[in-house]
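Accompanying notes for the structure given below.
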């Protein structure tokens with residue numbers, strides 16, 4: 001899979017590379033989040049649906065997942081459940097424009113590493129994502 005660094009040069013994200021996954025069905029949100037995280041030097045892949053994300057992780061899971069709650073028929077919670085069923089859940093940072101996240105979904109045992117309500121400060125997102133990209137943080141992945 002190709003990614004682009006800060007200068008726009010293409011790079012390849014391999015199975016062992018630490019990267020951030022973004023799943024949001026809004027093109028503008030996805031593009032904005034991808035751009036900001038790449039400006040911070042992070043490797044990022046973005047997906048329009050949970051199904052698209054599940055197809056990608058066959059080749060390697062992200063170090064962290066930024067996941068919109070409302071994605072259509074296959075919701076962010078459905079994706080969380082699918083990851084839990086597979087036994088490997090990356091740390092999930094839920095993002096939503098609504099206040100409908102049940103407490104059980106936010107528990108660390110379900111893979112949740114954070115929650116932000118849209119619109120949110122990008123510095124807050126970066127602060128939640130960055131620790132999961134460090135080498136030692138990969139040992140904290142549930143599964």
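Worth pointing out:
- Annotation note: Cβ proximity below 6 Å between a residue of segment 77-90 that is in contact (Cβ under 8 Å) with a residue 24 or more places away in the chain and at negative phi and a residue that is crowded, with 23+ Cβ neighbours inside 10 Å and assigned to a helix (DSSP H, G or I) (sequence gap 6+ or interchain) occurs for 79/50; 89/83.
- Members of segment 72-126 found to be in a loop (DSSP other than H, G, I, E, B) and under 22 Å from residue 42 (Cβ atoms), listed by number: 88, 90, 91, 111, 118, 119, 120, 121
- Segment 40-59, subset under 15 Å from the mean Cα position of the chain (by Cα) and assigned to a helix (DSSP H, G or I), residue nearest to residue 116 (Cα to Cα): 50
- Subset of segment 6-32 that is exposed (fewer than 12 other Cβ atoms within 10 Å of the Cβ) and touching a strand residue (DSSP E or B) at 6+ places or on another chain (Cβ under 8 Å) - its residue that is modelled with the highest pLDDT: 12
- Count of segment 60-71 residues which are in a loop (DSSP other than H, G, I, E, B) and closer than 20 Å to residue 129 by Cβ: 6
- Residue within segment 97-107 that is under 15 Å from the mean Cα position of the chain (by Cα) and at pLDDT 85 or above present: no
- In the condition set (1) in a loop (DSSP other than H, G, I, E, B); (2) out of contact with any helix residue (DSSP H, G or I) (no Cβ under 6 Å at 6 or more places or on another chain), residue 37 is compliant with all but (1).
The values are calculated or read from the model by the stated rules, or taken from the named source; none is laboratory data. Quick caveat: nothing in here was measured; it's all calculated off a predicted structure. We place every Cβ from the backbone using ideal geometry, glycine too, and count neighbours over all the protein chains shown.
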